[in-house]
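Working notes, structure below.
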Amino acid sequence: MKPKDPHGAGPAGLRAELVMRLVQERGLDQPGALAVVDADPKLRGLLGRWAAADPEDLAERARRRVDELGRLAGCLGCGTCCRVSSPTLYQPDGELLGQGRLERDALYSLRAGEMVYSARLGRAAPLERDLVKLREAPGGGCVFLRGTTCGNYQARPLQCRHLECWSGRNAGDLEDLARLDRRDLFQDDATALALIEEFDLKVPAAKLTDRLGQAARGEAAAAEQALELMELDHRLRAAITRRYGYGVPELEIMLGRSALAVAESHGLEVVLAPDQRPRLRPKASPGGAI
Ligand code: SF4
């Protein structure tokens, strides 16, 4: 007689247990752990023999295999780190751009003064310097992520190649390395460089961040000032495109994200009030405007 199934849920129950074990042991997210369990030939072999094997023995062997994977000093290809956010570019990544192995359309900038989540600090904080990053997909995560694999693996940025998310060992290594700056990408374009300086004076990132932060806390006067900056941001971008021909992807490197996108990152959206004037309100809130 076949020994009793310890889960009472067949191979699906064991698979779920293995996924959770990997999540806990290695810090993977659940989709990443599921992908690793399903892709590992040894685990697939064990789960595939479920009908003919002793479930308790098979479960023990599967757990041991998961423990091995958890300790493996190498990338499991789970995609967890690529789903959290997209990488920041450093000076050596300029070579990938120069060689055409990384397209400019895949990039955008964050300006010094913008509020972003810092993994190092474990909270949101104003950026001390401009950053150039790979874009994020609409649902979050790096734009190159395809399932759990990198769609641009041979030309992935330095941060992806260097950091060991499984060990955290190299976490501080890039701290002192110069980041790529949006001005580096326009070094032969005097018009773009002048526009960057002028725009930063007219729509300072720190001021926009400050007003949006206050607006998100319900301060009506700050919300009005944030809307004025957002309107100016919109008008300047449209005028630059009309006059100089820079498209939206170029502008999102030169001038950073649109003020509308920055507002969204503060959890705010623009709606038309009954008097037909734009108002800010918390995103996806059916309630009143600020
Ligand atoms: S470039 Fe590739 S490795 Fe780097 S975060 Fe994006 S998907 Fe992951």
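The values are calculated or read from the model by the stated rules, or taken from the named source; none is laboratory data. None of the values given here were measured: they were computed from a predicted structure. Note that we place each Cβ from the backbone using ideal geometry, even for glycine, and neighbour counts take in every protein chain shown. Quick note on the areas: whole protein, heavy atoms, side chains included, nothing else; ligands and nucleic acids left out. Shrake-Rupley method; radii C 1.70, N 1.55, O 1.52, S 1.80 Å.
Pull up segment 148-195, narrow it to residues that are within 14 Å of the ligand (Cβ to nearest atom), touching a helix residue (DSSP H, G or I) at 6+ places or on another chain (Cβ under 7 Å) and of a type outside the set (A, V, I, L, M, F, W, C), then point me to the one that is farthest from D67 (Cα to Cα).
Here is the first cut: in segment 148-195, the ones within 14 Å of the ligand (Cβ to nearest atom) are 148-166, 174.
This time we only want the ones that are touching a helix residue (DSSP H, G or I) at 6+ places or on another chain (Cβ under 7 Å), so: 148, 150, 155, 157-158, 165-166, 174.
This time we only want the ones that are of a type outside the set (A, V, I, L, M, F, W, C), so: 148, 157.
On the way: T148: 21, P157: 30 Å.
Only one residue fits best here, namely P157.
Quick check on this structure: which one of L158, L131, L174, L127 is touching a strand residue (DSSP E or B) at 6+ places or on another chain (Cβ under 8 Å), modelled with pLDDT under 90 and closer than 15 Å to T88 by Cα? Before you say what the answer is, go through the steps one by one.
Numbers: L158 fails: modelled with pLDDT under 90; L131 fails: modelled with pLDDT under 90; L127 fails: modelled with pLDDT under 90.
On inspection, the qualifying residue turns out to be L174.
Residues in segment 4-18 that are basic (K, R), modelled with pLDDT of 70 or more and closer than 15 Å to A52 by Cα: how many?
Our first condition is that a residue be basic (K, R); within segment 4-18, this holds for 4, 15.
Narrowing the set further to residues that are modelled with pLDDT of 70 or more leaves 15.
Those left that are additionally closer than 15 Å to A52 by Cα: none.
Final tally of qualifying residues: 0.
Can you tell me which residue in segment 81-99 is most open to solvent (accessible area, probe 1.4 Å), limited to those that are within 10 Å of the ligand (Cβ to nearest atom) and not in a loop (DSSP other than H, G, I, E, B)?
V84
Condition check: modelled with pLDDT of 95 or more, open to solvent by 80 Å² or more (accessible area, probe 1.4 Å) and under 20 Å from A206 (Cα atoms). Does E264 satisfy that? Quick ask: steps written out before the conclusion?
Details: modelled with pLDDT of 95 or more: no; open to solvent by 80 Å² or more (accessible area, probe 1.4 Å): yes; under 20 Å from A206 (Cα atoms): yes.
When the stated conditions are applied, E264 does not pass them.
Say we look at segment 179-236 and pick out the residues that are of a type in the set (S, T, N, Q) and more than 24 Å from L134 (Cβ to Cβ); which of these is surrounded by the fewest Cβ atoms within 10 Å (Cβ to Cβ)?
Step one: filter segment 179-236 for residues of a type in the set (S, T, N, Q), giving 187, 191, 209, 214, 225.
Filter once more, keeping what is more than 24 Å from L134 (Cβ to Cβ): 191, 214, 225.
Working: T191: 12, Q214: 18, Q225: 17.
The residue in question is T191.
Any idea which of E219, E252, E175, E198 is over 30 Å from L72 (Cβ atoms) and within 27 Å of the chain's Cα centre (by Cα)?
Values: E219 fails: within 27 Å of the chain's Cα centre (by Cα); E175 fails: over 30 Å from L72 (Cβ atoms); E198 fails: within 27 Å of the chain's Cα centre (by Cα).
Answer to the selection: E252.
Give L107, L89, L18 a once-over and let me know the one that is more than 24 Å from the chain's Cα centre (by Cα) and among the aliphatic types (A, V, I, L, M).
Testing whether each residue is more than 24 Å from the chain's Cα centre (by Cα) and among the aliphatic types (A, V, I, L, M) leaves just L18.
Consider R169 carefully, then state whether it is under 27 Å from L121 (Cα atoms) and either open to solvent by less than 60 Å² (accessible area, probe 1.4 Å) or not in a helix (DSSP H, G or I) (or both). Step through it out loud before you land on a result.
Values: under 27 Å from L121 (Cα atoms): yes; either open to solvent by less than 60 Å² (accessible area, probe 1.4 Å) or not in a helix (DSSP H, G or I) (or both): yes.
Against the criterion (under 27 Å from L121 (Cα atoms) and either open to solvent by less than 60 Å² (accessible area, probe 1.4 Å) or not in a helix (DSSP H, G or I) (or both)), R169 qualifies.
Restricting attention to segment 148-166, which residues are in a helix (DSSP H, G or I) and open to solvent by 80 Å² or more (accessible area, probe 1.4 Å)?
Initially, segment 148-166 is screened for residues in a helix (DSSP H, G or I), giving 153-155, 158-162.
Hits for segment 148-166 are Y153, Q154, R161.
What are the residues in segment 26-80 that are among the aliphatic types (A, V, I, L, M), open to solvent by 70 Å² or more (accessible area, probe 1.4 Å) and part of a loop (DSSP other than H, G, I, E, B), if any? It would help to see each step written out before you state the result.
Pass one, segment 26-80, residues among the aliphatic types (A, V, I, L, M): 28, 33-37, 39, 43, 46-47, 51-53, 58-59, 62, 66, 69, 72-73, 76.
Right, trim to open to solvent by 70 Å² or more (accessible area, probe 1.4 Å) and you get 51-52, 72-73.
Of everything in segment 26-80, those that are among the aliphatic types (A, V, I, L, M), open to solvent by 70 Å² or more (accessible area, probe 1.4 Å) and part of a loop (DSSP other than H, G, I, E, B) turn out to be L72, A73.
Do you know which of the residues in segment 136-147 that are near the ligand (Cβ under 10 Å from one of its atoms) and either of a type in the set (S, T, Y) or at negative phi (or both) is farthest from the chain's Cα centre (by Cα)?
R146
Would you confirm, using the coordinates I've provided, whether A112 is among the hydrophobic types (A, V, I, L, M, F, W, C) and within 14 Å of the chain's Cα centre (by Cα)?
Working: among the hydrophobic types (A, V, I, L, M, F, W, C): yes; within 14 Å of the chain's Cα centre (by Cα): no.
The answer is no for A112.
Of all residues in segment 259-274, which are in a helix (DSSP H, G or I) and of a type in the set (V, I, T)? Write out each step before concluding.
Narrowing segment 259-274 to residues in a helix (DSSP H, G or I): 259-265.
If the condition is that a residue be in a helix (DSSP H, G or I) and of a type in the set (V, I, T), then V262 is the only one that fits.
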